[in-house]
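Participant: Okay, here's the structure, questions in a sec.
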Amino acid sequence: MTKQVPTSIDDTLKLLRSTGYVAGRVLATVAFLSLKMGRPLFLEGEAGVGKTEIAKVLAETLGRKLIRLQCYEGLDISSAVYEWNYAAQMIEIRLAEASGELDRGRLGQDIFAERFLIRRALLQALDAPKGEAPVLLIDELDRTDEAFEAFLLEVLSDFQVTIPELGTIRAAEPPIVIITSNRTREVHDALKRRCLYHWVGYPDARRELEIVRARRPGASETLAQEVVLFVQSLRGGDLYKAPGVAETLDWVTALHELDAMSLDPQTVNDTLGVLLKYQDDISRMQGTEAKRILDQIKDEIRTMAHT
């Protein structure tokens, strides 16, 4: 059952945080405006900072179905909007031929009936009944090409698509649209102008610790603090790919599964593959560098405890 959208920024902030998504006021503001104005929300930022999670949280808290279009190079209309079930159409033709009652004109209409239509993500989102508008997540748009981006611009302008054999399908109620980009390439300004924009950056240590506490409440406080400070230190270093919040949470989970109550050099070295995803980064951090960072953050925690 769908729920009413928030009526204020504070309500939006509470809505996001009710599921453990620790959002700042700026993000809550742009999300609130997106919902109230009916405009797509365009979220850009590094991988693993929580862009996709926002769509999941909105779907869960507003009681909406989440429809996800995962973008990739070569994505086209047949994969994103619709295609015809050619196998079922061929069976229909063969059956008509076998019956000896082949009316080509009628058959041409019958095989393009809606029962042969395969609805992909965009058409599912637009064809939802009134009062059941879903959350449409268009994930990693930067992976597609400019031709698909131009088509998407047309869809988002009028929330409709045209199927030549059936006609134009318009949304009875526009879906809540969340678009994400990891910025592997620049998305065209024309599409961004249709949206409200927000850059989702890495959180500071205070907010990241709050995220860990909310999402991994079983972890010890010492472990949570040390992990967050360790990750924050890594992000300030020279890595090929800095860990995102998703990797922070994965690392806390892994360490908790190992019954770790705090970090030590051996445990850090053994579990760096949970946190870092490139061997060059792991090699750079293993051994003396990991110990140096660990000693530094433990000193920092002791200092904070005495102030």
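Participant: Which residues in region 27-60 place their backbone N less than 13 Å from a point set 7 Å from the Cα of Ser18 along the Cα-to-Cβ direction?
Facilitator: 57-60
Participant: In cubic angstrom, how much convex hull volume per residue do the alpha carbon atoms of region 205-306 span?
Facilitator: Measuring per residue, one finds 89 Å³ for the Cα hull of region 205-306.
Participant: Here's something else I'd like to know. Does region 250-305 classify as rounded, prolate or oblate by the C-alpha gyration tensor (a ≥ b ≥ c root eigenvalues; a/c under 1.5 gives rounded; else a/b over b/c gives prolate, otherwise oblate)?
Facilitator: oblate
Participant: At what distance in nm do the modelled label points of Trp84 and Ser157 sit from each other, each positioned 7 Å from its Cα along Cα→Cβ?
Facilitator: For Trp84 paired with Ser157, the spin-label model returns 2.7 nm.
Participant: What's the tally of Lys pairs in the chain whose alpha-carbon atoms lie under 19 angstrom apart, where the two lysines are 8 or more places apart or on different chains?
Facilitator: 18
Participant: Using the Karplus curve 6.51 cos²θ - 1.76 cosθ + 1.60 with θ = phi - 60°, what ³J(HN,Hα) values do you get for each residue of region 228-244, in whole Hz, with x for Gly and Pro?
Facilitator: Along region 228-244, the couplings run 4, 5, 5, 5, 4, 5, 4, 5, x, x, 9, 10, 5, 9, 5, x, x Hz.
Participant: A further question follows. Project the alpha carbons of region 138-275 onto their principal axes and report the range along each, largest first, in whole Å.
Facilitator: 63, 32, 26
Participant: Which order do the peptides 40-48, 164-172 take when ranked by the mean count of other beta-carbon atoms within 10 Å per residue, highest first?
Facilitator: Ranking the peptides 40-48, 164-172 by packing returns 40-48, 164-172.
Participant: Testing the spin-label approximation: label points 7 Å from Cα along Cα→Cβ at Ser220 and Arg115. State their distance in nm.
Facilitator: For Ser220 paired with Arg115, the spin-label model returns 6.4 nm.
Participant: Testing the spin-label approximation: label points 7 Å from Cα along Cα→Cβ at Val26 and Leu239. State their distance in nm.
Facilitator: Result: 2.2 nm between the two label points.
Participant: Where only protein heavy atoms count, and the probe is 1.4 Å, what is the accessible area per residue for the chain in Å²?
Facilitator: Per residue, the chain has an accessible area of 51 Å².
Participant: Gap in Å between the Cα centre of region 159-195 and the Cα centre of region 16-77?
Facilitator: With region 16-77 and region 159-195 each reduced to a Cα centre, they are spaced 15 Å.
Participant: Does region 1-95 classify as rounded, prolate or oblate by the C-alpha gyration tensor (a ≥ b ≥ c root eigenvalues; a/c under 1.5 gives rounded; else a/b over b/c gives prolate, otherwise oblate)?
Facilitator: It is prolate, given that a/c is not under 1.5 and a/b is the larger ratio.
Participant: Could you state the angle between the C-alpha long axis of helix 288-305 and the longest principal axis of the C-alpha atoms of the chain, as a value from 0 to 90 degrees rounded to the nearest 10?
Facilitator: Long axis of 288-305 versus the principal axis of the chain: about 80 degrees.
Participant: Oh, and also: So if I place +1 on the C-beta of Lys and Arg and -1 on the C-beta of Asp and Glu, and nothing else carries charge, what would the dipole magnitude of the chain be about its Cα centre? I want it in debye, nearest 20.
Facilitator: It works out to roughly 940 debye.
Participant: Pull out a ≥ b ≥ c, the square roots of the eigenvalues of the alpha-carbon gyration tensor of region 129-172, then state rounded if a/c is under 1.5, prolate if not and a/b is larger than b/c, and oblate in the remaining case.
Facilitator: oblate
Participant: A further question follows. Quick check on the chain: of the DSSP beta bridges with both residues there, what percent are antiparallel, nearest 5%?
Facilitator: Of those bridges, close to 30 percent are antiparallel.
Participant: While we're on this one: How large a share of the accessible area of the chain, in percent, is made up of carbon and sulfur atoms when the probe is 1.4 Å and the other protein chains stay in place?
Facilitator: 50 percent
Participant: When N counts the residues of the chain, how does its alpha-carbon radius of gyration compare numerically with 2.2 N^0.38 Å, as a ratio?
Facilitator: Cα-based Rg divided by the globular estimate yields 1.26.
The values are calculated or read from the model by the stated rules, or taken from the named source; none is laboratory data. In this text the structure is predicted, and so the values were computed from the model without any measurement. Every residue, glycine as well, gets a Cβ built from its backbone with ideal geometry; the counts of neighbours run over all protein chains shown. What goes into the accessible areas is simple: the full protein's heavy atoms, side chains included, and nothing from ligands, DNA or RNA. Shrake-Rupley method; radii C 1.70, N 1.55, O 1.52, S 1.80 Å.
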